[in-house]
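The values are calculated or read from the model by the stated rules, or taken from the named source; none is laboratory data. Because the structure is a prediction, the values reported are computed rather than measured. Glycine gets a Cβ as well: all are built from the backbone with ideal geometry, and neighbour counts include every protein chain shown. Protein only, heavy atoms only, side chains kept; ligands, DNA and RNA dropped before computing areas. Shrake-Rupley method; radii C 1.70, N 1.55, O 1.52, S 1.80 Å.
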Amino acid sequence: MSTVDVHGTVADGFERVRAEFAAVVAEQDGQVGSQLTTYAHGRRVVDLWAGDEVNGDTLTGVYSSTKGAATLVAALLVQEGVLDLDEPVARHWPEFAAAGKDGITLRDVLTHRSGVIGVDGGLSAAELADDAVIARRLAGQRPYWRPGSAYGYGGFVTFALVNEVIRRMIGQSLQQVYDERIRTPYGLDLYLGLPAAEEERFRPIQWWTATLEQEAAFWSNVPGPNSILGIGYGLNSTPPLDQVAFANTRAVRANGQASAGGVGSARGLAGLYAAAVWGIEGQPPLLKPDTVGEFAQLHSIGADLVRGDQGNYALGFQAKGMRYPFLGANAFGHDGSAGSEAFADPFSGIAFGYTRRRFGFGWSYPEHDRLAAAVHDAAALPRATTSADLT
């Protein structure tokens with residue numbers, strides 16, 4: 001293992017988290033570029049980073065960790081009575097009723113049970129940069145399974161549907177609500193629509209490193225482009241979607257595509273979940289306990305038609321208590337395909353955020369388990385109030 005400098009701070013009692021992060025970074029030979037931030041009951045207790053061109057302020061593409069921010073917007077509007085989870089989407093968006101979709105509810109969409117995961121023939125990279133364009137294409141599409149009969153992850157399109165409902169109901173986009181009511185008041189370094197002035201802080205995502213033989217073996221086992229998995233991940237377009245180029249495209253970042261176009265840091269991801277449950281920066285929690293309970297409740301379990309055994313969803317969020325059994329049953333959050341991870345555990349008081357700039361081979365991120373366990377174990381000890389500077 002190589003020696004790579006780890007920078008940042010941890011509170012007393014969280015030194016083991018720094019040690020685990022340092023071990024992970026060393027095993028990666030410093031080639032990934034990663035950040036780790038943790039809050040405990042609304043107080044920041046871990047803030048670490050390592051790797052070339054990465055510091056605590058670095059922003060990068062967080063892919064489907066974006067869905068956590070988008071879901072928080074939906075939860076806020078449900079809490080205020082603006083959105084009704086069990087009302088048909090077509091009640092406010094009549095065009096969506098086409099092709100047997102008239103009974104699909106917002107709850108079906110948020111729990112990946114709608115069957116609307118893409119379109120025949122695929123969506124081009126340019127179309128996938130814009131939620132409004134995605135929504136227009138999805139309106140006439142027949143679901144890929146009978147709505148409600150099963151669930152399958154809609155990686156790049158799900159929140160375009162949620163966005164369209166919000167836009168039709170209140171005249172604002174999901175991104176506008178997020179920026180005005182969540183990001184700005186709580187000072188979050190997580191953007192659904194990156195301003196041009198912040199572009200200098202963005203560092204591009206990089207593809208995984210592998211031999212030609214490893215690449216050939218991996219792709220030989222991937223289902224075809226017109227399979228359920230292929231449609232869910234945009235592989236049925238011509239050409240197939242390039243996931244690395246997706247986040248590195250200015251139009252995607254500028255629009256803040258609500259399913260996978262977010263840009264942020266580990267500070268922003270952890271801060272999002274801390275703000276949701278406990279509040280930060282002198283601001284109260286965004287969500288009431290009953291709302292947290294509703295959105296953290298398991299809805300879709302068992303085999304995912306797109307992701308196989310990687311599913312298990314609450315409302316909009318992934319059910320992190322199923323992913324990490326040492327967390328509470330109602331832990332919730334969302335990861336991203338380039339390796340970001342973020343969640344809140346209301347039981348232990350943890351809000352966790354992690355980013356990395358390089359895809360893991362085969363979308364594998366074993367460090368998530370190690371870092372989440374280290375944070376959980378440290379948080380279980382009596383908490384101190386001072387921090388040690390590690391820079």
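Here are a few things to note about the model shown:
- Matching residues in segment 344-360 - criterion: being assigned to a loop (DSSP other than H, G, I, E, B) and open to solvent by 10 Å² or more (accessible area, probe 1.4 Å): P346, F347, S348, R357
- Which numbered condition L36 misses (of (1) surrounded by fewer than 24 Cβ atoms within 10 Å (Cβ to Cβ); (2) farther than 30 Å from G302 by Cβ): (1)
- Single residue of D52, D84 found to be in a loop (DSSP other than H, G, I, E, B), touching a residue at least 12 places away in the same chain (Cβ under 8 Å), closer than 29 Å to R307 by Cβ and open to solvent by 40 Å² or more (accessible area, probe 1.4 Å): D84
- Check on G230, open to solvent by less than 20 Å² (accessible area, probe 1.4 Å), under 28 Å from V119 (Cα atoms), free of Cβ contacts under 8 Å to residues at least 12 places away in the same chain and not hydroxyl-bearing (S, T, Y): yes
- Single residue of V116, V109 found to be buried (at least 17 other Cβ atoms within 10 Å of the Cβ) and not in a helix (DSSP H, G or I): V116
- Condition met for G336 (modelled with pLDDT under 95, farther than 22 Å from A150 by Cβ, open to solvent by less than 10 Å² (accessible area, probe 1.4 Å) and among the small types (G, A, S)): no
- Failed condition for A275, given (1) in contact (Cβ under 8 Å) with a residue 40 or more places away in the chain; (2) small (G, A, S); (3) part of a loop (DSSP other than H, G, I, E, B): (3)
- Hits in segment 137-169 (condition: in contact (Cβ under 8 Å) with a residue 60 or more places away in the chain and hydroxyl-bearing (S, T, Y)): Y144, Y151, Y153, T158
- Neighbours by Cβ (under 8 Å, 6+ apart or cross-chain): first from segment 318-329, under 17 Å from Y151 (Cα atoms); second surrounded by fewer than 16 Cβ atoms within 10 Å (Cβ to Cβ): A319/I301; M322/I301
- Entirely in segment 147-258, the helices (runs of 4 or more DSSP H) that have 2 or more residues that are over 28 Å from A314 (Cα atoms) and under 23 Å from the mean Cα position of the chain (by Cα): 250-255
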